[in-house]
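Some notes on the structure that comes next.
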Amino acid sequence: MKKVIATTKAPGAIGPYSQAIEANGFVYISGQLPINPETGEMPEGVSAQTEQSMKNLEAILNEAGCTFDNVVKSTCYLADMSYFGEMNTVYGKYFKGDYPARAAFAVKELPKKALVEIEMIAAK
């Protein structure tokens, strides 16, 4: 059994996918681009984009009844590995300890020319 998780406090899906799916005690959150859901705009710079992606993830986690404490795995996609340090600094502010497992790597290009995109899996 699966349940679709959706909130207007994060950008809507731009394709045939859901913001998140809850199944078997886990919440699988689709990659979040750094789009401000109120304006539809993307901030400039890696730090600001990471901050917005994390805010979008937080809104979806909250809609699912979770927080960053529930996150067990994340994947961070970067337009360039030179952005890793900046992304990592902002990302780290959202966790109190007991960090989730994570992968971070560069990809050739992200949708809408974003510099960062982050997806997560949370355990309820």
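Just so it is clear, none of the values below were taken in a lab; they were calculated from the coordinates. What you see is a predicted model; the values in this text were computed from it and never measured. Every residue, glycine among them, receives a Cβ derived from its backbone with ideal geometry; neighbour counts consider all protein chains shown.
The table below lists the values:
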| quantity | calculated |
| --- | --- |
| Selection from the stretch 70-98 of residues that are out of contact with any Ser or Thr (no Cβ under 9 Å at 6 or more places or on another chain) and of a type in the set (Ser, Thr, Tyr) | 74, 75, 77, 82, 94 |
| Hits in the stretch 20-59 (condition: in contact (Cβ under 8 Å) with a residue 40 or more places away in the chain and farther than 17 Å from residue 71 by Cα) | 33, 34, 35, 42, 45, 46, 47, 49 |
| Answer residue from the stretch 76-124, given it is farther than 21 Å from residue 44 by Cβ and in contact (Cβ under 8 Å) with a residue 40 or more places away in the chain and is surrounded by the fewest Cβ atoms within 10 Å (Cβ to Cβ) among those | 124 |
| Unique residue being surrounded by fewer than 16 Cβ atoms within 10 Å (Cβ to Cβ) and either under 23 Å from residue 103 (Cα atoms) or in contact with a strand residue (DSSP E or B) (Cβ under 8 Å, 6 or more places away or on another chain) (or both) when the list is 31, 15, 25 | 25 |
| Candidates 65, 40, 31, filtered to the one that is over 14 Å from the mean Cα position of the chain (by Cα), within 21 Å of residue 4 (Cβ to Cβ), not aliphatic (A, V, I, L, M) and not in a helix (DSSP H, G or I) | 65 |
| Matching entry among 73, 55, 108 (being part of a helix (DSSP H, G or I) and of a type in the set (Lys, Arg)) | 55 |
